[in-house]
Amino acid sequence: MDLYEAILNRRSHRFYKPDMPPREALERVINAGLWAPSGTNAQAWELTVLAGQPRDEFVALCSKSIPYMEPVLEKAGLTEERRQVVRGFFKNLGGAPVVIAVTVPKARDPEMQMAIIQSGAALMQNLLLAAHAESLGSCWMTGVLFVEKDLLEFLGKTDQQLLAITPIGYSAKVPPVPPRKDREVRWLGF
Ligand SMILES: Cc1cc2nc3c(=O)[nH]c(=O)nc-3n(C[C@H](O)[C@H](O)[C@H](O)COP(=O)(O)O)c2cc1C
């Protein structure tokens, strides 16, 4: 798949088929994530891939973030219809059979923490693009961070910070294409 095609056509998927993706495809996606750049090449990230019973238990905890999401949805000006979609998504992560959770350590210096978080974000984007290249859907999610403590306890990583999670699976619905804003880009010295 052409890189620009992947970047422009990757979408956030919120409805999934229950079919389990092949383990080899998931391993390729994870390997792409692990090849992300990282500050001082520290690769200070940890991935947990959940399926089956652990996935179900983890997703049940994620759904506890729904009440906390309400003010966020209101502030974002979402219609009631869109809010219902979001609530439904957070309830079962769209039925995705696999969930990847990315955790990172807590650094003492804010500068180091910034590098760790940006590195984790690069890993996340690699995961999403690789999933797209494997014809798999995904959705970067931080909304569940409202229940970060519960999720970290479940993962057995209470000393870490939960960066984000993503469901992974075959998409069951063509997602909308949220428009991008026109941004003024300053070109200096051209
Ligand atoms: C840091 C970050 C956090 C996000 N958190 C959520 C989330 O909690 N729930 C959700 O449904 N989508 C979440 N998204 C997905 C965005 O809503 C989505 O990327 C945006 O609407 C653009 O749509 P697209 O990814 O299909 O291009 C998140 C995306 C990013 C980058």
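The values are calculated or read from the model by the stated rules, or taken from the named source; none is laboratory data. Computed from a prediction, not measured in an experiment: that's the story for all the values here. As a convention, Cβ positions derive from the backbone with ideal geometry for all residues, glycine included, and neighbour counts pool all protein chains shown.
Of all residues in the stretch 151-180, those that are over 20 Å from Val29 (Cα atoms) and touching a residue at least 60 places away in the same chain (Cβ under 8 Å) have Cβ atoms under 7 Å from Cβ atoms of residues that are β-branched (Val, Ile, Thr) and more than 10 Å from the ligand (Cβ to nearest atom), 6 or more apart or on another chain, in Leu155/Thr48; Leu155/Thr103; Lys157/Thr103; Gln160/Thr103; Gln160/Val104.
If only residues of the stretch 153-181 that are within 15 Å of the ligand (Cβ to nearest atom) and loosely packed, with under 12 Cβ neighbours inside 10 Å are counted, the one that is farthest from Phe58 (Cα to Cα) is Lys181.
Looking only at the stretch 1-52, count how many residues are among the aromatic types (Phe, Trp, Tyr), in contact with a helix residue (DSSP H, G or I) (Cβ under 7 Å, 6 or more places away or on another chain) and more than 20 Å from Met141 (Cα to Cα). Qualifying residue count, the stretch 1-52: 1. Considering the stretch 138-152, and only residues there that are part of a helix (DSSP H, G or I) and within 16 Å of the ligand (Cβ to nearest atom), the residue that is surrounded by the most Cβ atoms within 10 Å (Cβ to Cβ) turns out to be Val144.
Residue-wise test of (1) over 28 Å from Arg23 (Cβ atoms); (2) at pLDDT below 95; (3) assigned to a helix (DSSP H, G or I).
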| residue | (1), (2), (3) |
| --- | --- |
| Gln43 | no, no, no |
| Glu57 | no, no, yes |
| Ser63 | no, no, yes |
| Met69 | yes, yes, yes |
| Val85 | yes, yes, yes |
| Val102 | no, no, no |
| Gln113 | yes, no, yes |
| Ile116 | yes, no, yes |
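Residue pairs whose Cβ atoms lie under 9 Å apart, sitting 6 or more positions apart in sequence or on different chains, and linking a residue in the stretch 85-101 that is free of Cβ contacts under 8 Å to residues at least 60 places away in the same chain and at negative phi to a partner that is within 11 Å of the ligand (Cβ to nearest atom) and assigned to a strand (DSSP E or B), are Phe90/Met141. The set of residues from the stretch 109-126 being within 12 Å of the ligand (Cβ to nearest atom) and either touching a strand residue (DSSP E or B) at 6+ places or on another chain (Cβ under 6 Å) or of a type in the set (Lys, Arg) (or both) comprises Gly120, Met124.
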